[in-house]
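What follows is one structure encoded as structure tokens, with my remarks underneath.
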Amino acid sequence: MSNEVRDRVIAIIAEQAVLDVADVKPEASLEDLGIDSLGLVESIFAIEEAFDISVPFNANEPEQSEFDISTVASIVAAVEALVAGQKG
């Protein structure tokens, strides 16, 4: 994981969960962190704005989207893929 992307994504998620950044672990799910569906939407909007990317509208349907929101680490990996695709 790119440290810059990882750190920014974790900071966004921590803000939505009203947690310290140190409490947001890569293996944690958003549910584990207390983020509900509205918090997920707000997190996605903040991530899109921070990285100037567009998250697929069906990200909450893992079988239909390459953007995996099952854990913090998977969100970071998905954001990295979108950022890399944007540069390529």
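The values are calculated or read from the model by the stated rules, or taken from the named source; none is laboratory data. Keep in mind that this is a model prediction, so the values were computed, not measured. Ideal geometry is used to build each Cβ from the backbone, glycine not excepted, and the neighbour counts take in all protein chains shown.
Return yes when ASP36 is modelled with pLDDT under 95 and under 12 Å from the mean Cα position of the chain (by Cα) and no when it is not. No; evaluated as a whole, the condition is false for this residue. Residues of region 53-72 that are over 16 Å from GLN16 (Cα atoms), modelled with pLDDT of 90 or more and surrounded by 14 or more Cβ atoms within 10 Å (Cβ to Cβ): ILE53 alone.
Filter region 5-23 down to the residues that are in a helix (DSSP H, G or I) and either hydrophobic (A, V, I, L, M, F, W, C) or over 13 Å from the mean Cα position of the chain (by Cα) (or both) and list them by number.
Filtering region 5-23 for residues in a helix (DSSP H, G or I) gives 5-17, 21-23.
Within region 5-23, VAL5, VAL9, ILE10, ALA11, ILE12, ILE13, ALA14, ALA17, VAL21, ALA22, ASP23 meet the criteria.
Looking across region 1-52, the residues that are surrounded by fewer than 17 Cβ atoms within 10 Å (Cβ to Cβ) and either in contact (Cβ under 8 Å) with a residue 60 or more places away in the chain or hydrophobic (A, V, I, L, M, F, W, C) (or both) come down to MET1, SER2, ALA11, VAL18, LEU19, VAL21, ALA22, LEU38, VAL41, PHE45, ALA50. So which residues in region 9-29 are among the hydrophobic types (A, V, I, L, M, F, W, C) and either at positive phi or at pLDDT 95 or above (or both), if there are any at all? Across region 9-29, the qualifying residues are VAL9, ILE10, ALA11, ILE12, ILE13, ALA14, VAL18, LEU19, VAL21, ALA22, VAL24, ALA28.
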